[in-house]
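Worksheet: one structure, shown below.
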Amino acid sequence: MTDSSTPAVDIENAAKRYGDFTAIKSMSLSIRDNEFFTLLGPSGCGKTTLLRMIAGFEDVTEGAIFLFGSEIEQLPPNKRPVNTVFQNYALFPHMTILENVSFGLEMQGNSRVDAHKRAGEMLELVQLSEFAQRKPAQLSGGQQQRVALARALAPSPRVLLLDEPLSALDLKLRKAMQIELKHLQRETGITFIFVTHDQEEALTMSDRIAVMSAGELQQLGEPRDVYERPRNRFVADFIGDTNLLEVAITDIADNLASCHVQGGHQIQCGASEGVSKGMTAHLSVRPERLLLSAAPAEEGSLRASVKENIFVGTDITTLLTLDGGPDLTVRTSNSARGAARVFDPGADVFVTVEAGAARLLIN
Amino acid sequence: MSAKTDVKAYRGFFTVTLICLFVLYAPLIVVTVYSFNDSLSITVWQGVSLRWYADVFTGVESAKFKTAAFNSFSIALIAATVSTLIAIASATALVRAGRFRLRLPSMGLIMLPIMVPEIVLAVATLIFFNSIGFTRGYLTILVAHISFCIPFAFLPIQARMQGIEDTYEQAAMDLYASRAQAFRRVLLPLMVPGIISGFLLAFIVSLDDFIITNFVKGAGVETLPTAIFGSVKQGIKPNIMAISTMLLAVSVIFVAVSYLAAKWDNTKSHLKTDPAR
Ligand SMILES: Nc1ncnc2c1ncn2[C@@H]1O[C@H](COP(=O)(O)OP(=O)(O)OP(=O)(O)O)[C@@H](O)[C@H]1O
Ligand SMILES: [Mg+2]
């Protein structure tokens, strides 16, 4: 047995090329045992490809992948202690639900009786016992999804790969399944590698998130970390909503950078690594960390005028224009407290950036 | 569909339908009806009887027809079985082996017997057998039938296979099945409707073949089509119509079975899903 500090999956400089096209650029990342790990990125960024490399359906063009410390390149998919929940579920249409779930167990060498018994337990776990004798086509999308999950979990893999398993479900069911999945991961202690292009899903479910774009790892970290301290413009923009302002650095003192925004506005923020006086960079500020007020706050506020208020249920989104400068989005909670900070279109207001909320990005 | 845009609303729809049906089925109906004619003549109706059916089994030509029927059905059965097995293997290779350089030429080679005029194939087969000194007889017919049945068995199997996502096999292998197990437990069962349909098609094509059989058969070895042709050359007797009607019945049964096989397809319409990537 491996000790708990050995990563479940260790990807070392792994690259994948299809002819001239590079789907995964030399990538290194370590996925810990018992972790709920999420691969997040826009469509076509290589999430499925990376998953298929781990499962064994794609060769690794360069570099290596280790599973609990051992190199797996030579192992065919059926010899890897890894199971997959496919994007389209891929339930065997000619088999009943019970046969589907017991398939892996039988292939592992369990007797049919034992396999069916364990499969029955798995179906109980996902609350589908009454459908055991149906065919996949006779189930709803959400039920099929749970069968796929039960089928992949039944052989007790050490790593479970989930390729956008919730993308076909409607919002309500998806939320319910998110909680169920998270639960299941905690209970079983199996390492989950979860693929999604939905940043909210990634933030709510993961222990750690790897943000990918165009076959490259952009940032790796805990959800809060990735959300609050994006490393570059792509991550800031892809995860959550943000205001990206082009700024010129006019001064750096005490690790604080003075940023000049078009229209003569000044914003102070923590100088990140690589920032120097005189350069231009981008400032990312989350809309919920901007405050509107009728009078300027003492820390310094920016003058702006309100363009429009958009009601989004829990929040009110205010679009405004900095005097002589770019547009900004501000989000205020839809509550009695928040109502005091909402102004009618056309009103002149002051915008305050919460302390520590602005983040300087140089690429 | 609204009644106004329905094809039935087109002028002349009914007439065209009648003409088509008439052209397609009139000869068959005539043969079927007259096979029950109680007359020596094939054109004068003299009342209903089964005498020509009895004649097929007990008449002067009955021995000849029995042997021919045995030859026809045994050859069709073996040829359909063997060609279906070959077709399963080729379809698996051509649909599942990804892109390889000789894929298109291979496909062309398999389909060739359908494209080439049958008479050319017949002559070629005959010359081939002669040149290797293969004595003409039952075996030459069988080998020739196997070879020209392959594309007919191949087509439905290939069509079926193309509709099966390869994620099913991947899912099977992901669940610890070896390649062979994934094929046997997942791919093969999913292909069954295509296989049945391919087998039936090959069977009918073999049963029905005349030109190639006539060229490669040895003296004295007859199949039903060549036996019927032999009889007809001495003048059409009503017993030929009885045999033809029985062959027609066999065909109808096969078509019906093939239709039921497609219906029995236990996977429903779940095969076409979005690719996983
Ligand atoms: N077999 C292949 N041959 C060539 N290119 C491929 C192949 N498979 C995938 N690609 C390319 O690799 C890139 C990454 O594909 P991948 O399926 O991993 O994306 P993804 O991140 O899973 O996207 P999505 O969210 O849409 O599922 C895409 O640009 C795709 O076109
Ligand atoms: Mg994908």
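The values are calculated or read from the model by the stated rules, or taken from the named source; none is laboratory data. This one's a predicted model, so the numbers in the text were calculated from it and none came from an experiment. Using ideal geometry, Cβ is built from the backbone for each residue, glycine included, and neighbour counts are taken over all protein chains shown. These area figures cover heavy atoms from the full protein model, side chains too; ligands, DNA and RNA do not enter into them. Shrake-Rupley method; radii C 1.70, N 1.55, O 1.52, S 1.80 Å.
Below is a table of values for the structure above.
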{"read-out": "Relative contact order computed over chain B (Cα-Cα under 8 Å; 6+ residues apart), in percent", "value": "29"}
{"read-out": "DSSP-loop trypsin sites (Lys or Arg not before Pro) across segment B:76-169, with at most 14 other Cβ within 10 angstrom", "value": "B:ARG99, B:ARG101"}
{"read-out": "With all protein chains modelled, accessible area of A:VAL113 [1.4 Å, Å²]", "value": "110"}
{"read-out": "In Å², nearest 10: area of A:HIS116 left accessible to a 1.4 Å probe", "value": "60"}
{"read-out": "Whole-angstrom gap from segment B:110-188 to segment A:196-217, using each part's C-alpha centre", "value": "48"}
{"read-out": "Restricting segment B:1-110 to chymotrypsin sites (Phe, Trp or Tyr not before Pro) in coil, as DSSP defines it, with at most 10 other Cβ within 10 Å", "value": "B:TYR10, B:PHE100"}
{"read-out": "Chain B - convex hull of alpha carbons, volume per residue in Å³", "value": "207"}
{"read-out": "Chain B - accessible surface per residue (Å², probe 1.4 Å)", "value": "55"}
{"read-out": "Highest average packing first - A:316-327, A:247-258, B:202-213, Cβ atoms within 10 Å", "value": "B:202-213, A:316-327, A:247-258"}
{"read-out": "Extreme residue, positive dipole direction of chain A, given options A:SER272, A:SER301, A:LEU244 (C-beta unit charges)", "value": "A:LEU244"}
{"read-out": "Global size of the protein assembly as shown as Cα Rg and Dmax, reported in angstrom", "value": "36.4, 120"}
{"read-out": "Greater than 24 Å apart at Cα, pairs in A:LYS25/A:LYS182; A:LYS25/A:LYS277; A:LYS16/A:LYS79", "value": "A:LYS25/A:LYS182; A:LYS25/A:LYS277"}
{"read-out": "Threshold 40 Å², segment A:120-140 residues less accessible with all protein chains present than alone (1.4 Å probe)", "value": "A:ALA137"}
{"read-out": "Kirkwood Rh and Cα Rg combined as Rg over Rh, evaluated for segment B:97-155", "value": "1.06"}
{"read-out": "Accessible solvent surface per residue of chain A, calculated while the other protein chains remain in place, 1.4 angstrom probe, Å²", "value": "45"}
{"read-out": "Estimated [θ] at 222 nm from DSSP helical runs (n ≥ 4, -39500 (n - 2.57)) normalised by residues in chain A, nearest 500", "value": "-7000 deg cm²/dmol"}
{"read-out": "Enclosed volume per residue, in Å³, of the convex hull spanned by Cα atoms of segment A:63-178", "value": "120"}
{"read-out": "Within chain A, longest stretch clear of exposed GluC sites (Glu not before Pro) (DSSP loop, no more than 15 other Cβ within 10 Å)", "value": "A:74-272"}
{"read-out": "Point-charge dipole on Cβ atoms (K/R +1, D/E -1) for chain A, about Cα centre, debye to 20", "value": "800"}
{"read-out": "Of all accessible heavy-atom area on the protein assembly as shown, the percent that carbon and sulfur account for (1.4 Å)", "value": "59"}
{"read-out": "Kyte-Doolittle mean at least -0.5 and Cα axial length at least 24 Å: DSSP H helices in chain B", "value": "B:13-34, B:62-96, B:138-162, B:188-208, B:238-264"}
{"read-out": "A/B buried area, accessible surface, summed, 1.4 Å probe, Å²", "value": "2700"}
{"read-out": "Accessible area (Å², 1.4 Å probe, nearest 10) - B:ILE240", "value": "10"}
{"read-out": "A:ASP59, A:ASP163, A:ASP10, A:ASP20, ranked by accessible area, largest first (probe 1.4 Å)", "value": "A:ASP20, A:ASP59, A:ASP10, A:ASP163"}
{"read-out": "B:MET241, B:MET115, A:MET279, reordered so the largest accessible area comes first (probe 1.4 Å)", "value": "B:MET115, A:MET279, B:MET241"}
{"read-out": "Per DSSP, loop trypsin sites (Lys or Arg not before Pro) in segment B:1-83 with at most 10 further Cβ within 10 Å", "value": "B:LYS4, B:ARG11"}
